[in-house]
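Visitor: Okay, handing you the structure first.
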Amino acid sequence: MAELEKTQETLQGADIAQIMSALPHRYPFLLVDRILEMHRGESAIGVKNVTMNEWFFQGHFPGKPVFPGVLIIEALAQTAAAFTVFTENLDTDGKVVFFTTIDKVKFRRPVSPGDQLKLSVRVTQNRGMLWKYDGAALVDDAVAAQASFAAMVVET
């Protein structure tokens, strides 16, 4: 995994190559383009640039493309997973991170091609390999979606 520059309890952001070293996801299912900032044990902010070239816009919806809400939640989870791998120095060889719960999901506004999703995640609890987060996806500082979710690191 690519090393990230450490500044006290704040880590510098991660580019796509570093994210790909932390996550098993690949095109077309890698939904985080960059992580802007990470605060060890606390929070992170990632980015997903939404373009008309996304595979799902062919059918969701023709003439009125809308980024699927479930994929917004997945983008939040991928941001949380990469952040946790980086800040906790987790060894991901032979392991995958799986959702265990998704709660309090709210969709506030549609996301369309040309939007940039800011993916804000905050750790709310950690017990061993089980992590809980609150997340919000924003476009132009307006909340597009939010959720509380948990994930667990599992041997494959």
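The values are calculated or read from the model by the stated rules, or taken from the named source; none is laboratory data. These figures come from a predicted structure and were not determined experimentally. We place every Cβ from the backbone using ideal geometry, glycine too, and count neighbours over all the protein chains shown. Remember, those area values only see protein heavy atoms, side chains included, never the ligands or the DNA or RNA. Shrake-Rupley method; radii C 1.70, N 1.55, O 1.52, S 1.80 Å.
Visitor: Quick check on my filter: what residues within segment 1-42 are at pLDDT 95 or above, in a strand (DSSP E or B) and in contact with a Phe, Trp or Tyr (Cβ under 8 Å, 6 or more places away or on another chain)?
Guide: The answer is ALA14, ILE35, MET38.
Visitor: So which of ALA150, ALA144 is open to solvent by less than 20 Å² (accessible area, probe 1.4 Å), within 30 Å of GLY63 (Cβ to Cβ), hydrophobic (A, V, I, L, M, F, W, C) and in a strand (DSSP E or B)?
Guide: Just one listed residue meets the conditions, ALA144.
Visitor: Quick test of your reading of the structure: GLY59 fulfils all but one of (1) within 19 Å of LYS132 (Cβ to Cβ); (2) exposed (fewer than 13 other Cβ atoms within 10 Å of the Cβ); (3) not aliphatic (A, V, I, L, M). Name the failing condition by number.
Guide: That leaves (1) as the condition not met.
Visitor: If you scan segment 89-132, which residues turn out to be of a type in the set (Asp, Glu) and either surrounded by 13 or more Cβ atoms within 10 Å (Cβ to Cβ) or assigned to a loop (DSSP other than H, G, I, E, B) (or both)?
Guide: ASP91, ASP93, ASP115
Visitor: Conditions first: (1) surrounded by fewer than 13 Cβ atoms within 10 Å (Cβ to Cβ); (2) within 23 Å of ARG108 (Cα to Cα). ASN53 passes all but one, so which condition is the exception?
Guide: Of the numbered conditions (1) surrounded by fewer than 13 Cβ atoms within 10 Å (Cβ to Cβ); (2) within 23 Å of ARG108 (Cα to Cα), the odd one out for ASN53 is (2).
Visitor: So, ALA150, is that one at pLDDT 95 or above and farther than 18 Å from MET20 by Cβ or not?
Guide: Answer is yes for this residue.
Visitor: Please work out which one of (1) part of a loop (DSSP other than H, G, I, E, B); (2) touching a strand residue (DSSP E or B) at 6+ places or on another chain (Cβ under 9 Å); (3) farther than 18 Å from ARG26 by Cβ is the condition ILE73 fails and give its number.
Guide: So the condition that ILE73 fails would be (1).
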